[in-house]
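Asks: Below is a structure I'd like to ask you about.
The values are calculated or read from the model by the stated rules, or taken from the named source; none is laboratory data. Note that this is a predicted model, so its numbers are computed, not measured. Cβ: placed from backbone, ideal geometry, glycine included. Neighbour counts: every protein chain shown.
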Amino acid sequence: MKKRILEQRWPWLIAAGVGVAAFLSTFIEIGDWDRRPSGSMEDIAKLRERDDLNVLFILVDTMRAEHLGSYGNERNTSPLLDRLARSGVRFERHLAQSTWTKSSMASLWTGLYPARTGITRFDDVIPEAALMAPELLQKAGFHTVGLYRNGWVAPTFGFDQGFDVYEKPIPTKLPPNAKRENPTVTETGSDQGVVEAAQEFLRVSGRERWFLYLHLMDLHEYVYSAETAVFGNKYKDIYDNSMLWTDNTLGYLMETLAHLDQLDHTLIVLVSDHGEAFLERGFEGHAREVYRETTEVPFILSFPFRLDPGIVVKTRTQNVDVWPTILDIVGAEPLEDVDGRSRLPEILSSAASGSGEAAQIAISELDKNWARRGMEPLPTIAVLDGPFRYVRTQVGKDFQEELFDARDDPLELRDRLADEADVGARLSALADEYYEKEPGWGESPTREIGELELNLLRALGYQIE
C-alpha cells in the first residue's frame, strides 16, 4: 500500500520544485480568502460526525507566542494568523515540552513527556513501538502527508510513522529581495518550497480526505524580504520581520484552500516546537534553557467555520495536549495512557463561562548536553503550576533552583524561591517524581549519525560536538 501511494505522489512533489517564481505568480495579491460560514459551539461538537473534514497541521519552528499580535505583540507581525485566532480558538498560556526540536516534537506527536518518550539526545530514535497521532488518523481513513525542512524530524529518527508520504521538498531558492539573517544557519531553501508542494498536493489529491503536516523553518532561519523589513534591524526586529514573512507565506496557502473550496472542510492547527530568547537572561536562541521565552508557544485552532466571537482558553495547556484535543475533535481513536489530555471540554466551557477547567501541572525538560557526544546528561526542568514556574538545573552532583511568580513578574525574571520556599519544595518534589518516569517501550534506540548528516544538521544552526 505505501509503495503504491509513494509512486502516486511524485507528480505533485516534483511539480512543487519548479521554483519560487511560480509560487509568487500564483496570486499577485492576497485577497479576501476567508469565505467560511458562521458556526457555533454545536458545530464544533458535531465535527466528529463529519466524514469530509480534513486537518491542516502547521508547525512553525521557533515561534514564540508573544511575538504574534493575537498574543500581545503591538506590531502587526501576524495579520493572517491573528485573523484565524479571532475567529477560532486561541490557547493563551501554552507550553512546549522542550526547547530543542527533536525532543519537543516527539512529545507533541505522542502526547508524552520527554521522560516517557526517551527522546532527549541527538542520536535518539522514536521506536516503532511508539504510537504517534498520524497512525490514528491513517487508521481513521485520512490520507496522511508530511512535508518538513528540519532534519531533526527526518524519517531516520522515526518521525515518519503513520504517514503515507513523508518528504523534505526539493529546496527552492529565496527570491532576490529576500534575506536569511540567522548567522549560524547555512541551510538552503525556504518555506515557499513547502507551500508549493502543499498547493500541488491539494490540487492533485485534495478531494481525498487528508491530513497535511507542514513543518516550516523560515522563522527559525530569520528569513524576510524587503516588503516585510518594517520593524527595524536589531536581532528581535529581524525576528519580527521574519514572522511577517511567514504569515505572508501562509497567505498563499489560504488562498489555495479557498480557491479549491477546501476551507469549509478543513480544521487548521497552528503550533510550534519552542520559542526564542532575546538576551532576557544573557543568551539568544533556544535549545539551552527552559525559561518562559523559549517554552511559551502558540496553539491556535481554526474551524471550517468562523466563530464570532472567537474563544480564548486561559488555563494552562501544553503541547502534549495538542493531539488528544485534535483526535477528540475529529472523532478518531485517542492516544492511550498519555500525559496530555483533550482540551475540547475546556473549549466548550470557555465559550459558555469564559473560564474553563482547573489548570494542571505542566512540564518542560531539556538535556543541556543533548548535542555533546560522550558526555553525561545535564538535565534542566521547568515545573509550572498556576502562576509559578520552578526551574531546576543540574550542577555537578547538586542542582540550582529558581522560582518565578508571573502574577507580579510577567517576564519571570525575579527569583522568588527564598520568599516562596514551600511552593519551591512542592514543585521540587514533582520534579523528582517526573524523573522517575520511563518510556513504556523501554529504552529508546539510538543510531550512528555520519559526518555528512551531522553537517546537514549543523547547517540548521545547531552545534553538535
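Asks: Please give the number of the condition A352 fails out of (1) modelled with pLDDT under 95; (2) surrounded by 20 or more Cβ atoms within 10 Å (Cβ to Cβ).
Replies: (2)
Asks: Then there's this: Just to be sure, is T99 at negative phi, among the polar types (S, T, N, Q), outside any helix (DSSP H, G or I) and modelled with pLDDT of 95 or more?
Replies: When the stated conditions are applied, T99 passes them.
Asks: Failed condition for L24, given (1) aliphatic (A, V, I, L, M); (2) at pLDDT below 55; (3) closer than 28 Å to P134 by Cα, with all others met?
Replies: All conditions are met except number (3).
Asks: Same structure again: For segment 317-340, enumerate the residues that are part of a helix (DSSP H, G or I) and within 19 Å of A129 (Cα to Cα).
Replies: Residues satisfying the conditions are V320, W323, P324.
Asks: Name the residues in segment 147-162 that are closer than 24 Å to V330 by Cβ and surrounded by 23 or more Cβ atoms within 10 Å (Cβ to Cβ), would you?
Replies: Within segment 147-162, L147, Y148, V153, F159 meet the criteria.
Asks: Report whether or not P304 is part of a loop (DSSP other than H, G, I, E, B), modelled with pLDDT under 95 and out of contact with any Phe, Trp or Tyr (no Cβ under 9 Å at 6 or more places or on another chain).
Replies: The answer is no for P304.
Asks: Answer yes if at least one residue in segment 109-128 is of a type in the set (D, E), surrounded by 24 or more Cβ atoms within 10 Å (Cβ to Cβ) and either under 15 Å from the mean Cα position of the chain (by Cα) or part of a strand (DSSP E or B) (or both), and no otherwise.
Replies: no
Asks: Just for segment 75-108: of the residues that are under 30 Å from N369 (Cα atoms) and of a type in the set (D, E, K, R), which one is surrounded by the most Cβ atoms within 10 Å (Cβ to Cβ)?
Replies: K102
Asks: Does any residue of segment 324-340 turn out to be surrounded by 20 or more Cβ atoms within 10 Å (Cβ to Cβ), out of contact with any strand residue (DSSP E or B) (no Cβ under 8 Å at 6 or more places or on another chain), within 22 Å of A406 (Cα to Cα) and at pLDDT 95 or above?
Replies: So far as segment 324-340 goes, no, none of its residues is surrounded by 20 or more Cβ atoms within 10 Å (Cβ to Cβ), out of contact with any strand residue (DSSP E or B) (no Cβ under 8 Å at 6 or more places or on another chain), within 22 Å of A406 (Cα to Cα) and at pLDDT 95 or above.
Asks: When the residues of segment 29-74 are filtered to those that are of a type in the set (G, A, S) and part of a helix (DSSP H, G or I), which remaining residue is surrounded by the fewest Cβ atoms within 10 Å (Cβ to Cβ)?
Replies: Going through the qualifying residues, I end up with A45.
Asks: Say whether the condition of being without any contact (Cβ under 8 Å) to a residue 12 or more places away in the chain, more than 27 Å from Y71 (Cβ to Cβ) and either part of a loop (DSSP other than H, G, I, E, B) or in the same structural domain as R64 (by TED's automatic domain parsing) (or both) is met by at least one residue in segment 394-404.
Replies: Within segment 394-404 (the criterion being without any contact (Cβ under 8 Å) to a residue 12 or more places away in the chain, more than 27 Å from Y71 (Cβ to Cβ) and either part of a loop (DSSP other than H, G, I, E, B) or in the same structural domain as R64 (by TED's automatic domain parsing) (or both)), the answer is yes, since at least one residue qualifies.
Asks: Checking Y390 against (1) part of a strand (DSSP E or B); (2) free of Cβ contacts under 8 Å to residues at least 40 places away in the same chain; (3) not acidic (D, E), which test does it fail?
Replies: (2)
Asks: How many residues does segment 197-241 hold that are touching a strand residue (DSSP E or B) at 6+ places or on another chain (Cβ under 9 Å), over 30 Å from G282 (Cβ atoms) and crowded, with 20+ Cβ neighbours inside 10 Å?
Replies: 10
Asks: In addition: Scan segment 333-344 and report the pairs whose first residue is not assigned by TED's automatic domain parsing to the domain that holds V320 and whose second residue is at pLDDT below 95 and in a loop (DSSP other than H, G, I, E, B), with Cβ atoms within less than 9 Å and a gap of 6+ or a chain change.
Replies: none
Asks: Let me ask something additional. Which residue, of V194, V165, V153, is in contact with a strand residue (DSSP E or B) (Cβ under 9 Å, 6 or more places away or on another chain) and either without any contact (Cβ under 8 Å) to a residue 60 or more places away in the chain or among the polar types (S, T, N, Q) (or both)?
Replies: One residue alone meets the criteria, V194.
Asks: Something else now. Does segment 178-188 include one or more residues that are touching a helix residue (DSSP H, G or I) at 6+ places or on another chain (Cβ under 9 Å), among the hydrophobic types (A, V, I, L, M, F, W, C) and modelled with pLDDT of 90 or more?
Replies: No, segment 178-188 contains no residue that is touching a helix residue (DSSP H, G or I) at 6+ places or on another chain (Cβ under 9 Å), among the hydrophobic types (A, V, I, L, M, F, W, C) and modelled with pLDDT of 90 or more.
Asks: Continuing with this model, one more query. Just checking: which of the strands (runs of 3 or more DSSP E) contained wholly in segment 131-238 hold 1 or more residues that are out of contact with any Gly (no Cβ under 8 Å at 6 or more places or on another chain)?
Replies: Result: 143-148, 178-180, 210-216, 223-225.
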